[in-house]
1. Of everything in the stretch B:163-186, what is more than 14 Å from chain A (Cβ to nearest Cβ), in a loop (DSSP other than H, G, I, E, B) and touching a residue at least 24 places away in the same chain (Cβ under 8 Å)? Give them in sequence order.
2. So the check is Cβ under 7 Å with 6+ separation or different chains; which pairs have a first residue in the stretch B:306-333 that's surrounded by fewer than 16 Cβ atoms within 10 Å (Cβ to Cβ) and a second one that's assigned to a loop (DSSP other than H, G, I, E, B) and charged (D, E, K, R)?
3. Looking at B:Asn277, is it surrounded by fewer than 22 Cβ atoms within 10 Å (Cβ to Cβ), within 12 Å of another protein chain (Cβ to nearest Cβ) and under 17 Å from B:Asp171 (Cβ atoms)?
4. Give the residues of the stretch A:347-374 that are farther than 11 Å from A:Val318 by Cα and either assigned to a strand (DSSP E or B) or facing chain B (nearest Cβ under 10 Å) (or both), sorted by residue number.
5. Based on what the data block shows, is A:Arg65 among the charged types (D, E, K, R), free of Cβ contacts under 8 Å to residues at least 24 places away in the same chain, farther than 21 Å from A:Val17 by Cα and part of a helix (DSSP H, G or I)?
6. Got at least one residue in the stretch A:158-171 being buried (at least 19 other Cβ atoms within 10 Å of the Cβ), farther than 30 Å from A:Cys278 by Cβ, small (Gly, Ala, Ser) and out of contact with any Lys or Arg (no Cβ under 8 Å at 6 or more places or on another chain)?
7. Take B:Ser208 and decide whether it is of a type in the set (Gly, Ala, Ser), in a strand (DSSP E or B) and either within 14 Å of chain A (Cβ to nearest Cβ) or under 18 Å from B:Thr130 (Cα atoms) (or both).
8. Can you find a residue that is over 26 Å from A:Ala52 (Cβ atoms), surrounded by 15 or more Cβ atoms within 10 Å (Cβ to Cβ) and among the small types (Gly, Ala, Ser) anywhere in the stretch A:95-107?
Amino acid sequence: MRRIIFLADMESFYASVEIARDPSLRGKPVVVCGDPERRRGIVLAANREAKACGIETAMGAWECRSLCPQVIFIRPHMQDYINVSLQMTEIFERFTDRVAPYSIDEQFLDMTGCESLFGPPREMALRINGEILRETGVRCRIGIGENPLQAKMACDRFAKKNPQGVFQLTCENYAGLTWPLPIRDLFGVGFRMERNLRRLGIKTIGGLAALPREKMKSRWGINGEVLWLNAHGIDYSNIHSRSTEKYKGVGHSMTLPRDYSSKEKIEVVLLEITEEVCRRARGLRKVGRVVNLYCRGADFDNPTGFSRQKKLPEPTAVTMDIYPVVLRLFDTHWDRLPVRALGVSLSGLMEDRYLQLSLLEDKEKKVRLGRAMDEVRERFGITSLFRASSLTPGSQLFDRAGKIGGHEA
Amino acid sequence: MKFLAEQSEMLFYLQACMKVSPQRSTIPSLEGIYLCCVENEMNISATNLEVGIRCKFPAHTEKDGAVVLPAKLGEIVRMINDSKVEVEVEDNFKALINCSNVNFQLNGLNPLDFPELPDFNKDIDWTINTGLFKEMIRQTAFCVSSDEGKAPLTGIQFSVEKDVLTLTSSDSFRLSVKRGNIENVSGKEMNFILPVKIINEMVKFNFSQEKILVTLDEKNQILFKVDNFLFFSKLLEEKYPAIEKVIPMEFNTTLTALKNDLVGCLQRIILISEGNNFITKIEVRDKTAVFLANSEMGSVEEQVEIEKQGEDVDIYLNSRFLIEPLRYIEGDQVKLNFSETNGPCVITPFDEEDAYLYLVLPIKS
């Protein structure tokens, strides 16, 4: 049976939500961005009028002003965006029970079988767009495909560019429509892969599709093979609704407000990140046995950094069991150049119902202590109980408290 | 330097040395094997600076001398189809290996670059029966920790008191204690932690001498002398945690079972429990013990016939931790002792309860 998959994408999501809240902004160039004095002063979203002046996402605030002097800066309200995103999921769920949020402003919908209720795919898409616009004030674009990849390509490459905001790709028209596009437009191709492929003389999606599958596989392994499948519009993945999804890992990462080069400061931040990861794992009542550390260097033009993992001797979610491993990973792999972003994740998760007792320490006590700390923070806030190192320079705890994803709530 | 040696004999000792020479080292000569021949006696040795082996065997020497040759020499000698191997080393440490129709030339190193190794020229501290020593090591080495974060637990604790040697090993979840008699020549009491590397190699040999001679030197090294071998190892400069005190004096439940029944049952239990961190539930009743495990794959339940004394008990244990000691316990029957649901399980052989004890902590649910 042919599947019908939608990818719904919100136009200029943050900016659209702001305009919906304050209709006086309509028609003016609006940019949502953090404090222009700090690194967070980058464009998180710009509406169509602002983009027309040349403003792009991730641009510095000062650049916007020179491009468009009348631009209106609005500080982010992350909690509102999350609420609107959840509201959208509810609207989608009126049409199908298989909704999978992909990011805050993108959600996959499996509409297979719904056409007997709501009509052909295009009609369903237009109807969803109408309900979203009426109830949230945000314009939604929908890409339709026979699998998630086709839906994503349909949305990014076509639906966003047409006035109805709907486009359908099928196995039949996929090659004719996408193959002439530049290779950069293929889902999964970043600027480094684009550079690699250009070196092989491949400039279009069709060019990649024409390569033998084996060649892509031998050169780039499974990733190469996936790109080849993407070029052919093939994707075997499914839309699982959120309720059935299993957690494979928990992670937390942050971009620092300025580049850190002092080891002590970085270690303070690593402890705060580790604590947050462990707190999340404990909240899910899980313990993990693989720790991953991600670190990105400060130099944008010469991307450096690493992502390395280590298996723990036994599964745990105790911050101070995991922190020494994070430190060792950092010390082993850090090239001593300034650091821009850090992330820690814990995977290999399993239920925390069982605890292998130890001769050396009272593990139950450590577990109970962690839970008690989590409960205090749950009730009185994240800054109610913290480690003394969070009072030293470098700490991000107080700066980020009350923010969501590092942006103002 | 020039000598003629028996191929099989030379191979045997070279292979022993290859067990300790490091694959890669910042000191090039450590990657090789040191050879020295003096008056019809060959001495060969290898070390990684932590542990080492020295051995000697007879050879016909035409010209005395010494050299360090690549560890590959062992493989060369293995592949030679001749009962004799002739080695001649020139002044520039190039070695020519000649036999029937093959001529190898190996680039050697200056023997003066090879570290000076300890010698057994000190008085013996104690001696132990070779077979007993190997058994004692086997019964303790398997539960040594491989976690660098628990440094003292990466070795076996040796305690000598009068004529009794007690070995203790633990990875913090379980504990092995093995006692055996020695002849304490020096009469000294001692306590030290020995990394497992060298003794794990030692137990693989079939020695012909009945006694192993042991001494500690002033550089915090232990030396074992047996047959034509001298094994040595640095000791860990750590303090062993006082974990023996967790061994309960009394038990509420004691069960006796046939060892092979338990091993068979646990092997089947592990098929399922390995998908769930080896978690196994054991319900001990009057005539049976029920073993249960489940994982994402499915579940398993097995009854084992037992003799029980004391109360019923339900306990969660790691099935891998349970099966491992059974491989090293002699005799047809074993005893499992429990004190309470969250207390340790202690396994002992049926007859010699004092000689060996294995303790494993439960999993708390």
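1. The first filter runs over the stretch B:163-186 and keeps only residues more than 14 Å from chain A (Cβ to nearest Cβ), leaving B:163-167, B:178-186.
Within this subset, residues satisfying the condition of being in a loop (DSSP other than H, G, I, E, B) are B:163, B:182, B:184-186.
Across the stretch B:163-186, the qualifying residues are B:Ile182, B:Asn184, B:Val185, B:Ser186.
2. Correct list of pairs: B:Asp312/B:Arg285; B:Gly331/B:Asp351.
3. Numbers: surrounded by fewer than 22 Cβ atoms within 10 Å (Cβ to Cβ): yes; within 12 Å of another protein chain (Cβ to nearest Cβ): yes; under 17 Å from B:Asp171 (Cβ atoms): yes.
Spelling it out, B:Asn277 is indeed surrounded by fewer than 22 Cβ atoms within 10 Å (Cβ to Cβ), within 12 Å of another protein chain (Cβ to nearest Cβ) and under 17 Å from B:Asp171 (Cβ atoms).
4. A:Ser347, A:Met350, A:Glu351, A:Arg353, A:Tyr354, A:Leu355, A:Gln356, A:Leu357, A:Ser358, A:Leu359, A:Leu360, A:Glu361
5. Values: among the charged types (D, E, K, R): yes; free of Cβ contacts under 8 Å to residues at least 24 places away in the same chain: yes; farther than 21 Å from A:Val17 by Cα: yes; part of a helix (DSSP H, G or I): yes.
Answer is yes for this residue.
6. no
7. Working: of a type in the set (Gly, Ala, Ser): yes; in a strand (DSSP E or B): no; either within 14 Å of chain A (Cβ to nearest Cβ) or under 18 Å from B:Thr130 (Cα atoms) (or both): yes.
Taking the combined requirement at face value, the residue does not satisfy it.
8. Yes, the stretch A:95-107 contains a residue that is over 26 Å from A:Ala52 (Cβ atoms), surrounded by 15 or more Cβ atoms within 10 Å (Cβ to Cβ) and among the small types (Gly, Ala, Ser).
FYI, it's all coordinate maths here, none of it is from the lab. Small disclaimer: the values here were computed from a predicted structure and weren't measured. In this analysis, Cβ positions are derived from the backbone assuming ideal geometry, glycine residues included, and neighbour counts consider all displayed protein chains.
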